[in-house]
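First the structure, in the form of structure tokens, and then the observations on it.
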Amino acid sequence: MVENQVLLQIQHVSKSFGLTRALRDVSFDVRKGEVRGFIGENGSGKSTLSNIIAGVYEKDKGKIILDGKEWKAATVVEAEEQGIALIVQEIGTIEEISVASNIFLGNERRFGSRGIINYRKMNQEAKKALELIGASDISPEKPIGEYNLEERKIIEIAKAIYTHPKLLIVDETANALSSHGREILYSVIRDVRNYGGTVLFITHDLEELVRVCDSVTILRDGVYIDTCYGNEMIINELKVKMVGREMSGHYYRTEEEGSMGEKVVMSVKNVFTSALKDVSLELHEGEILGLGGLSDCGMHELGRLLFGLDQPYSGTLTCNGRTERLKNPVQAIRRNIGYVSKNRDSEAIILRDSVRNNICLCSLDKISKFGFAAPKTENSFVDRWIERLKVKVNNRSEYVASLSGGNKQKVVLAKWLGRGSNILIFDCPTRGIDIGVKEAIYTLMSELKAQGHAILLISEELPELIGMSDRILIMKDGRIVCEKMRSPEITEPLLIKEMI
Ligand SMILES: Nc1ncnc2c1ncn2[C@@H]1O[C@H](COP(=O)(O)OP(=O)(O)OP(=O)(O)O)[C@@H](O)[C@H]1O
């Protein structure tokens, strides 16, 4: 329940990274027991402020008051000790260690005696933490590397809630989760609110925001715009406040029926892997083929297989008229296939390299002459795509690691669109992307379709699947269980019925 006492006061906070003014004189308050949404376009400063509160970054100016006292965390561990938990946008776990060690990272001392850690006790406690949020299928002893993006996010949720934080910050986490994972997250948010804690909830999904939050604060270009409460949270008005202009409201394709060319550009027949059971499909030129299902249905694995990342036990794959085995992504790129992975930071971009090199990476053969790429040609190629996708970046030499989440995603898209791949496998392409750019990406997908490109759209967002696809395949337990042609009769409940 929202109390009248204020927990967090942000007072005139500013922060710059070199030339980028990420936050400019931002001030607002959040009360105890309040679930506060936090929205703004990509690069508007949401993660920067969250990171300052949670001790990751230092602010340049301003004050933060927590529970009546000035708050200045020097480290994340210090912030945790003071009751602040942050679930970051990307993967926040450490690869080489166990689930339990991740949950108690920085707090191992509590299981130690004379310098020796009692791992049995740590595992037992981690098991309790996981059970508490209904994730008892995750084993504390296992290395975290055995778990996928969604399961790792659930482990991070368990870690965050275990300490009963007075302030829980959730940065763009829901869109890495399936409906089951989202239920876990929402129930944790309800628990925090029930014991009088406060939640700062960052999301680009405004419907989710209105469902989950008591109020919302809007940032634009690092500047505080407004805070709306309860019934004042009207989606169309929030969009205008975020973007600073009226939005058209037409995100998706308007045709009632689907269309596609005759030519099949890619097909798989009777494919089996550990995750796929007798899967066959055909992708046509000029087609957007939607692939949906629950997150463990096999759709993400199918995307990996079509890009040569995984190999089938049996079955055939035909690509641009040739039957073959894609042994690796290099072969797939040669066959003109592009792939946007759901797992952005670890699979889709090189964080410690420039925006320029990331965008050019797969197109060097196209923009080079006699094996040499002239810097001028490279630069104009990169600038064209930065401009086209409105990537918010100071210059093309900036490291991708310093971009906001949504802008990283735009770099991934630019890389494949720039190459002109005629087969595009998009796994959750609009993950973390703000509404303005979402609209631009959907327009781009329609243009690519019109030019004859084939797109396999793997998505957990049903409105996106229904709104963009010519045909939808639903997968369940590794099999394709239904096929629906584009039509106004296709609804979310109809697809959900096939998925569960
Ligand atoms: N470590 C950093 N180094 C340099 N610039 C940074 C760094 N972190 C953030 N920025 C810049 O600060 C600005 C705000 O980024 P921030 O990540 O806070 O945005 P955001 O609102 O969370 O965006 P998104 O919705 O895309 O996640 C961006 O221009 C970003 O490039």
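The values are calculated or read from the model by the stated rules, or taken from the named source; none is laboratory data. Worth saying up front: this structure is predicted, and the values here are computed from it rather than measured. Glycine also receives a Cβ, built like all others from the backbone with ideal geometry; neighbour counts cover every protein chain displayed. Note: accessible area is taken over every heavy atom of the protein model, side chains too, but ligands, DNA and RNA are not part of it. Shrake-Rupley method; radii C 1.70, N 1.55, O 1.52, S 1.80 Å.
Here are a few things to note about the model shown:
- Whichever lysines have a C-alpha closer than 26 Å to that of Lys484, once near sequence neighbours (fewer than 8 apart) are set aside: Lys263, Lys269, Lys277, Lys342, Lys438, Lys449, Lys476, Lys497
- Fraction in percent of alpha-carbon pairs per bin - 5 Å, the range 354-500: 2, 8, 17, 18, 17, 13, 10, 7, 5, 2, 1, 0
- Computed about the Cα centre, the dipole magnitude for the chain is approximately 1340 debye when only Lys and Arg (+1) and Asp and Glu (-1) carry charge, each at its Cβ.
- Computed from the Kirkwood radius of its Cα pairs, the Stokes-Einstein diffusion coefficient for the chain at 4 °C and 1.567 mPa s stands at 54 µm²/s.
- Residues whose placed amide H lies under 5 Å from that of Leu424, excluding near-sequence neighbours: Gly338, Ala454, Ile455, Leu456
- Near Arg220, the amide H atoms lying under 5 Å from its own belong to Ile225; only residues 5 or more places off or on other chains count, and H is placed 1.01 Å from N.
- Relative packing of 415-425, 179-189, which averages over residues the other C-beta atoms within 10 Å, highest first: 415-425, 179-189
- Convex hull projection area averaged over all views, the range 6-243, Cα basis, nm²: 13.1 nm²
- Summed over the residues of the range 185-269 and divided among them, the accessible surface reaches 49 Å² per residue at a probe radius of 1.4 Å.
- The listed peptides 328-339, 193-204, ordered by packing as a protection proxy, come out as 193-204, 328-339 (highest mean of other Cβ atoms within 10 Å first).
- Compared with the direct C-alpha span, the chain from Ser314 to Thr227 gains 25.7 nm at full extension, assuming 0.36 nm per residue.
- For a modelled paramagnetic label at Ser368, 7 Å from Cα along Cα-to-Cβ, the residues of the range 324-349 in reach, with backbone nitrogen under 15 Å, are 334.
- Cβ-Cβ distance of Val243 and Lys263, R₀ of 30 Å, FRET efficiency by 1/(1 + (r/R0)^6): the value works out to about 0.15.
- From largest to smallest, the equivalent ellipsoid semi-axes obtained for the range 169-269 from the alpha-carbon gyration tensor read 33, 22, 12 Å.
- Difference of contour (0.36 nm per residue) and Cα-Cα distance, Ile500 to Thr75: 148.7 nm
- For the range 95-109, backbone phi angles converted through the Karplus equation (6.51, -1.76, 1.60; θ = phi - 60°) give residue-by-residue couplings of 4, 7, 10, 6, 4, 4, 5, 5, 5, 9, 4, x, 10, 4, 3 Hz, Gly and Pro being listed as x.
- Under 5 Å, built H, 5+ apart or other chain: amide partners of Thr198: Gly33, Leu167, Leu168
- Simple label model, 7 Å out from Cα along Cβ direction - Arg352 to Tyr195, nm: 3.8 nm
- Listed by chain and number, the lysines placed with their C-alpha closer than 22 angstrom to that of Lys61 are Lys15, Lys46, Lys69, Lys72; residues fewer than eight positions away on the same chain are left out.
- Sorting the segments 73-85, 102-114, 163-175 by their residues' average number of neighbouring beta-carbon atoms within 10 angstrom, most packed first, yields 163-175, 73-85, 102-114.
- With every protein chain in place, the chain: carbon and sulfur % of accessible area (1.4 Å): 49 percent
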